[in-house]
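Laboratory data are not the source of any read-out in this text; all were calculated from the coordinates shown. The structure displayed is predicted, hence computed values, not measured ones. Cβ coordinates were reconstructed from backbone atoms using ideal geometry, including for glycine residues, and neighbour counts include every protein chain displayed.
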Amino acid sequence: MAATTATQPTTEPVAGTSLWQDAWRRLQRNKLAVTGMVLVAIIVTASLAGPPIIERTTGYTYDYIPSEPELLKALPPFTGPDGSFSWEHPMGTDTSGRDLLARVLLGGRISLMVGLISTFVSLMIGLAYGATAGYLGGRVDEAMMRIVDVLYSIPYMMVVIVLLSLFGRNTPLGQLVLLFIALGAVSWLTMARIVRGQVISLKNQEFILAARATGVSTIGILARHLVPNTLGPVIVYATLTIPSVMLLEAFLSFLGLGVQAPYASWGSLAADGVQSIAIFPWQLLFPGTTMAITLFSMNFIGDGIRDALDPQMRKS
Amino acid sequence: MLRFIVRRLLSTVPIVLVVVSITWGLIRMAPGNFYTGERRLPPAVERNIREKYGLDRPWYVQYGRMLGNTVRGDFGNSLTYEGQPVNSILANAVPVSALLGALAYVLALIVGITAGTIAALKQNSRYDYASMAAALIGISLPNFVLGPALVAWLALTWYLLPPALWNGFSVNLILPAVTLSAVYMAYIARLTRAGMLEVLRSNYIRTARAKGLSERAVVMRHALRGGLLPVLSFSGPALAMLLAGTIVVERIFAVPGLGNYFINANLNRDEPLIIGIVAFVSIAVILMNLLVDIAYAVVDPRVRY
Amino acid sequence: MRSIRTSALLGGPKRTRPTCLGLLLLALGVSGCTTAASEGDYFGKVEPPAGQVLRYVTGGEPESLDPQVGTGQPEARIYVALYEGLTDYDPETGDVAPGLAERWEAADGNTLFTFHLREASWSDGRPITAHDFVYSLRRGLSPEFAADNAYMAFGILYAPGYNGSGSFARRPDGSFVMDPENPSIRFVVPGDEEERKRAVTPVIEAALKSTQPVPVRAEDVGIEAVNDRTVRIRTTLPIPYLPGLMAHQFFRVIPRQAIERHGDFWTQPRNIVVSGAFNLEAWKPYDRIVLVRNPKYWDAQRTRLERITFYAIQDATTMLNLYKAGEVDAIYNHTVPSSWYDYISPLKDYLNKPESAVEYYQFNVTHPPMDDVRVRKAFNHAVDKAALARLKKSSKVLTGFVPEGIFPGYPYPQGDPFDVKRARALLAEAGFRDGQGNYDPSKFPPGVEVLYNTAESNRVTAEFMQAQWRQNLGITIQLRNMEFRTFLGVRNRREYKGIARAGWVGDYMDPVTFLDLFSTPDGNNGTGWFTPEYAKMLSDANRIQDPAQRYEKLARAERYLLDAQPFIPLLTAGTNWLKKPYVQGMYANPFTIHPWKYVYIEHDRSRWN
């Protein structure tokens, strides 16, 4: 019996959807995360585009010290040297007369850059380490994880402080590089654990067996099959690592061990500002609040991504 | 359980020695004369010091001596704080930092758990949103902004509290403890809320409610135990964060605790003091982690070591 | 093993009103407004503590509570509370005032001083006698004790000889070789190699033939107890200012009974015995030192304070915050940062009077290029000191070496003016020129640095100087900073390359306290510059009885010093400190040293200044 299958009228092609697109859609619906993304976008744009614009319009850079002695003082926001209202310094000046807005924006550049690069460093190390440990399993895995356990019990902050105090004081650039390494080395441990957990749960699935059967090398399996599939939790963790690394850098710069003059980061600006908190409070408040808002927004984004990628964890 | 504890305690020694070795290595590798920094001592004094510390011996002999001293607990005299033995500095500084840290964490627990529990019970209410918003601010506001802001407000404008210094158990404790505890309060509130929400949905709570127990009994006697597990497991990594936080808070409020001494020791290349503090803190961190693990086992009967 | 459930760590609600952002901005706005508001006439809270209690920040942790050991200002202020001297400081002018000596006479052209002691006792009840003073000076000068401040006593007969382990030269007939420059006193062969080479000229060498060295003993030093209540001091050369000098902590009387009993630990609170207005109650290192009123003090009825707490704080922010919050009642000098000056100077509790202190940049003249006086003069001409004074705000320009405004009647010589053209011409003369003879900065050798001890104020000055030389001479000087005690050693041993920051506070009220710095090649003269002519000019001046003529001679010596340019004079500071209005009896004197018995807390608001 020949049955005729009725063909449905096709009005639109049926588009497939991937995990990522689903997640993106969920993220967009999360108002908080969107607010966070907008704020971060604003701050990042301001940090990148702001300093050149300010320089072109007013001539102020982050290290411009005016030559007239009456200007060599701390001005409150929107105030001129004689006390009247002025648009010159929306955030006021620091004790040497440098425009605070320019410094906060430069600080943003440096803080964000440090956060991103250090997170990237820790991401790379953690991915490689965790994936290898998880995939190889057995004795190697045990040994590698034992090392992680030992490293976990080291009071990292102290070793980092010792490292930064003793080395790299020679050039500000050297200090910066050292900072990247030190900060990156701090956060890779948890990343390694997460990746390892994911890899362990993935490695016995069929697509991996298939890959092995067709002769893909270990590295190939790791790189092309395992790692891409661990990206979910990795991205979540990375997005949340950036603000915590930025916070760590701010701590270190506040103590004078991180970013050195002439560069400035939000942490070092805060350190400068704390000195005059009794009479010039804006010098601390502006860099501090800018940093808080940035971290705040990044945490929103991180929460949002986590919820978007991992719907089971959603609490409604 | 006992074997677990013993094994952990035994592993303390090698771990501490590893940490101390790394630190010692860093200090010795640092450019310049590690011992006196940029100082140059009169030749007679320098000769005496070199003899006393065996600096003319090969490095592995010095390393061995340092390890031996560490194991014995004799770290020598501080170079920054003339004539004061490292152990006496530790004896003075540890109670200060311990008091500050403990007070901060207890405060964080009390406020955080309360806020988180109420938020979980009143889920999606205005209180819930407000407290979780406050929590997010707490996590994002660095303590070196919060601390001085509190000082500028409460100490320097309204003259309510002292802006710095340490007077033992006195009002001087309030601002540093609050500053230090803010971020933990926030984390604990969020964790408690999440944990409680999960527990409150579970069957045994439904049973308890069905039995007619008051909400208060349900929460206090049944829900909290399970709901607080995330808080407990957070306490481990929280300690590491507490360390970083204490260093900055002690700096801001001029508190004579371990953090301040540690920073000064680093700035002055005070090797005995650096090693002493690092050794002590490593031991403390390991022991505290052990305590947290034991507490976890006590609270959660599903966990077996 | 417990698992860290990262998911549990990240729990949180989905929706939150953006009220949180609003709260943040509100907080920012409010806090920005409140602190800008003026506090009235004073800086911070003005509420006197209950009773007669003073809380004072004196600076860093004292080196020691032994007045013959500590050399810094922080401890000096504590010493004057614990120990009394033959004379004391006038609280307002810093001039000489009676102490344990109720009167004194000078004789033999200001070389013999007799002090008559009043009745007084130690805090343990034993009477203070002239023998105690003799003991104190001998102990301070003893070579084993190796006091850093021993040089202060070197004007006293045979004091440098004793301290330097020198010896007399005795002839076989029992007589001694006398000093050819001062025939009434014996010649002392210095114990130190360098000094001996300088002092033993061929003439003296001849005179020393067939003599036996006799070590200078403590008993030879020119101090003696004529009786229990009379101290007699003989000096090598005329020292008109000796009575004022005796107020310095080095000469204050220390308790033999405690030192002999407890050795190095005699300054511990349970062991110490004091002669001053206050006794030591508690000493918490790097925290505070607590003094209480000493009822056995000879002038105890004048002492009004019951207790003084000295806080050992060096960080300017901390102490200013404490001051503003009313946690301390006064802070020491030079603590208000120059960036705060405009805000603080109009307030009534700010004290900025002329200080007996100078700030200068000294040269290491033992190494090129600074061994050439033309280079030194060029560097001096190339600095706009008026601009520096405007930058530092609470200071005044110093062109000479003796600070102006402190010594009435002294004809201050003027140093070199700001003249960039002259500077460049001098450098060209010194050899840094191109083919046509014009100044060429690229010929100037690199490696010259400015060394300073770590402090915000010093950094600001150093960066200014660096900018000046770069701008005016085209030379970039490196900056280097280190912690104070390290710095002091490096500077005094002339291990710095080119320039080091220096400051000097007068020890007594006479221009010689500044000019004397360069009268020896060692000690605190870290320049390496020294000429016997200059030292002679000073000692000649001291011989003159008439004060006006003496000042003239001293001014000529200062002129000679300025012409040699072993340093760049920069600034004299103002006292620059803060004191609550209810603290009375404490004045901005040129030394910022306060005889504490005059200080008290005034609770009656109408009597505040």
Per residue of B:251-257, other chain Cβ atoms within 10 Å number on average 4
Charge dipole (chain A, unit charges on Cβ, about Cα centre) - positive-most of A:VAL177, A:LEU209, A:ALA278: A:LEU209
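When you look at the Cβ of every residue in C:313-324, what mean number of other chain Cβ atoms sits within 10 Å?
The mean count of partner-chain Cβ atoms within 10 Å per residue comes to 6.
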Treating cross-link reach as a plain straight distance, find the aspartates and glutamates whose alpha-carbon is under 19 Å from the alpha-carbon of C:LYS377, omitting any fewer than eight places away in the same chain. C:GLU359, C:ASP416, C:ASP419, C:GLU429, C:ASP440, C:GLU449, C:GLU558, C:ASP563
Considering Cα pairs under 8 angstrom that are at least six residues apart, work out the relative contact order of region B:132-291 and quote it in whole percent. 25
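Which helices count as membrane-span-like in chain C under these terms: full DSSP H, at least 15 Å along the axis by C-alpha, Kyte-Doolittle mean of 1.0 or more? Before the final figure, lay out the partial values.
On the way: long enough: C:19-36 (26 Å, 1.75); C:130-141 (17 Å, -0.15); C:456-473 (25 Å, -1.09); C:532-543 (17 Å, -1.11); C:547-564 (26 Å, -0.94).
The answer, listed by residue number, is C:19-36.
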Measure off 7 Å from each Cα along the Cα-to-Cβ vector at C:GLU533 and C:LEU208, then give the distance between these two points in nanometres to one decimal. 2.7
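Compute, for chain C, the length of the dipole vector about the Cα centre, with Cβ point charges of +1 (Lys, Arg) and -1 (Asp, Glu) only. Units Debye, rounded to 20.
Roughly 1920 debye, rounded to the nearest 20.
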Alpha carbon centre of region A:83-106 versus region C:484-511: separation in Å? 38
Order these by the 10 Å Cβ neighbour count, fewest first: A:LEU48, C:LEU517, A:LEU284, B:LEU154. A:LEU48, B:LEU154, C:LEU517, A:LEU284
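Using the Cβ atoms and a cut-off under 12 Å, what net charge is assigned to the surroundings of B:PHE262, where Lys and Arg are +1 and Asp and Glu are -1?
Net charge in that neighbourhood comes out at -1.
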Find out how many positive minus negative residues lie around C:GLN549, taking Lys and Arg as positive, Asp and Glu as negative, among other residues whose Cβ is under 14 Å from that of C:GLN549. +1
Report the antiparallel proportion of the DSSP beta bridges in chain C as a percent, rounded to a multiple of 5. 80
Using θ = phi - 60° and the Karplus curve 6.51 cos²θ - 1.76 cosθ + 1.60, what whole-Hz ³J(HN,Hα) does each residue of region C:256-273 get, with Gly and Pro shown as x? 4, 4, 6, 5, 5, 7, 10, x, 5, 9, 5, 8, 5, x, 7, 9, 6, 10
Positive end of the charge dipole of chain C (Lys, Arg +1 and Asp, Glu -1 on Cβ, about the Cα centre): tell me which of C:ASN525, C:ILE313, C:SER167 has its Cα farthest that way. C:ILE313
With a length cut of 30 Å (Cα positions projected on each helix's long axis) and a Kyte-Doolittle mean of at least -1.0, go through chain B and give me the DSSP H helices that pass. B:2-29, B:86-121, B:174-200, B:229-253, B:271-299
Too long at a 31 Å Cα-Cα cut-off: which of C:LYS296/C:LYS348; C:LYS353/C:LYS536; C:LYS45/C:LYS597; A:LYS73/C:LYS284? C:LYS296/C:LYS348; C:LYS353/C:LYS536; A:LYS73/C:LYS284
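Please give the average number of partner chain Cβ atoms lying within 10 Å of the Cβ of each residue in A:290-301, rounded to a whole number.
The mean count of partner-chain Cβ atoms within 10 Å per residue comes to 4.
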Ordered by fewest other Cβ atoms within 10 Å, a rough proxy for footprinting exposure, C:LEU479, C:LEU427, B:LEU79 read C:LEU479, B:LEU79, C:LEU427
Proximal lysines to B:LYS211, defined as alpha-carbon separation beneath 25 angstrom and excluding residues fewer than eight positions away on the same chain: B:LYS122
DSSP H segments from chain A that extend 30 Å or more along their own axis, Cα-based, with Kyte-Doolittle mean of 1.0 or above: A:31-58, A:100-136, A:172-203, A:227-254
Under a Cβ-only charge scheme (Lys and Arg +1, Asp and Glu -1), can you give me the dipole magnitude of region C:357-573 about the Cα centre, in debye to the nearest 20? 440
Any idea how far apart B:ARG7 and C:ARG196 come out in nm if each label point goes 7 Å out from Cα toward Cβ? 7.4
If you count the DSSP beta bridges with both ends in the protein assembly as shown, what percent of them are antiparallel, to the nearest 5? 80
Relative contact order (%) - criterion: Cα under 8 Å, at least six apart; region: region C:357-573: 36
Between B:SER21 and A:PHE207, what is the label-to-label distance in nm when each label sits 7 Å out along the Cα-to-Cβ direction? 4.3
Estimate the FRET efficiency between A:ARG139 and A:SER217 by the formula 1/(1 + (r/R0)^6), using the beta-carbon distance for r and 25 Å for R0, to the nearest 0.05. 0.75
Of the options C:ASN227, C:GLN584, A:THR294, report the single residue whose Cα projects farthest towards the positive end of the charge dipole of the protein assembly as shown (beta-carbon charges: Lys, Arg +1; Asp, Glu -1). A:THR294
